[in-house]
Structure formats: C-alpha cells, structure tokens
Amino acid sequence: YSTGALVVADLNVEQMQGEYIAFLEKYMPWSRHKAMGGNSSNYDSFSGRVLDFKNGKDNAITMFETAIRPHLQNEYILCAVPSHDPTKKVGVRHSLVGRLAGRNGLSDGSLALERHTLIPKLATGGTRSVQVHLDSIRVAQPHLVNGRHVVVIDDVTTTGGSLVACKQLLMGAGASYVACLAIGRTL
C-alpha cells in the first residue's frame, strides 16, 4: 500500500469503509479496559498516551508529533478531522497539525474542514456512519486543498467513518489526493 503522501513503513494500515486508513497502534478505550477488570496498573502505555492526547497534554502531543513526522512527505497539506461539536473550532488535533506543519514544506490546513452541525459524541454512542459526517462537515477553505495532496489526521478511528467522509469532502473540493491517518485504531 502506498499513499503518495504517507510513508507507511512502520505504520499499520487497514481497509475500512472501502478506504485505506493508516494508524500508529491499536487503542483500548479506558471504559472497555475497566469493564474487562483492568485498572491503571495494567492499562497499556500507548492507550494511556492517547487519553493524555485527547486531554490536550503537551507531552502526548509532542510524542505523537515525533511519531508521525517521519511518515509525512514534503509539500503536503495537513488537515484535522473536526470535533463532533461545531462550537469547538480548534482542538488538540488542530494543535498536532499545527506542530507538524511549518517544517519540511508541510502546510497547515487544520481549519480547512469544519463541523457545522452538532452530532452526538462518537465515543459515547453517536452514529458512526459516513453519511452522518458528510451531512455535518464542510470544507470551509477549499482554496487550501484544491489541487493539493492532503493528509487528514484523526486521534482515534473505530470504523473509519469520519476519516472516509473527510476524504470524500476534500476530494470533492478539488484535492488531488487524500491519505487518512489516525493515531490509534480502536480494538
């Protein structure tokens, strides 16, 4: 598998919803770990760092920036999957994209995508269909992606729905290629 935008050596890649999605490692949600009798003493460190990332902890953002950087090619624009809540215009994924961009010819397109309609949070039971995302996200700044190779980044993917929808929207806005990357893939 080659994306033209991602160096996938040392990345995991799965086909989800008909698209290839690259990710660093498998992620175990805390609630599932706890329901299986787990506690903080036996929670895997990668999943713990993902939770730290979701909580905006700088050391986790730096860790994932360092882990992702070698996989990105020059001259690409990086976009972030927007929050489920349209009032949260900028979040931790945007911070990661901002840190990754600005070096090696990578551009910050973190605000190219925006959620315009609130959807239930996916981690608490929201619908994971691609259509839900297509109906609630728009390309707010198509000039950023038109004719460009894009890498769209999410923190965690379970079914691939939000990444696939973002890819479709970006391609519809004129992106010449879109690769999908998540930090973690839910077990």
remark   = Residues of the stretch 65-97 being touching an Asp or Glu at 6+ places or on another chain (Cβ under 8 Å), buried (at least 17 other Cβ atoms within 10 Å of the Cβ) and within 20 Å of Lys54 (Cα to Cα), in sequence order, are Leu78, Ala80, Val81, Pro82, Val92, Arg93, Leu96, Val97
inquiry  = Being open to solvent by 10 Å² or more (accessible area, probe 1.4 Å) and not in a strand (DSSP E or B) is the filter here; which residues of the stretch 154-170 pass it?
reply    = Thr158, Thr159, Ser162, Lys167, Gln168, Leu169
ask   = Which one of the conditions (1) touching a residue at least 24 places away in the same chain (Cβ under 8 Å); (2) over 19 Å from Val13 (Cα atoms) does Asp135 fail to meet, given that it meets all the rest?
value = (1)
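Could you tell me whether any residue of the stretch 171-181 is at negative phi and assigned to a helix (DSSP H, G or I)?
Yes, that holds for at least one residue.
Rundown of residues vs (1) at pLDDT 95 or above; (2) under 20 Å from Glu25 (Cα atoms); (3) open to solvent by less than 10 Å² (accessible area, probe 1.4 Å), yes/no style:
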| residue | (1), (2), (3) |
| --- | --- |
| Lys54 | yes, yes, no |
| His116 | yes, no, no |
| Ser129 | no, no, no |
| Val152 | yes, yes, yes |
request  = Output the number of the condition that Ala80 fails; it satisfies all remaining conditions of (1) among the small types (Gly, Ala, Ser); (2) touching a residue at least 24 places away in the same chain (Cβ under 8 Å); (3) over 24 Å from Val145 (Cα atoms).
outcome  = (3)
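The values are calculated or read from the model by the stated rules, or taken from the named source; none is laboratory data. What you are looking at is a predicted structure, and each value in this text was computed from that prediction instead of being measured. Glycine gets a Cβ as well: all are built from the backbone with ideal geometry, and neighbour counts include every protein chain shown. Remember, those area values only see protein heavy atoms, side chains included, never the ligands or the DNA or RNA. Shrake-Rupley method; radii C 1.70, N 1.55, O 1.52, S 1.80 Å.
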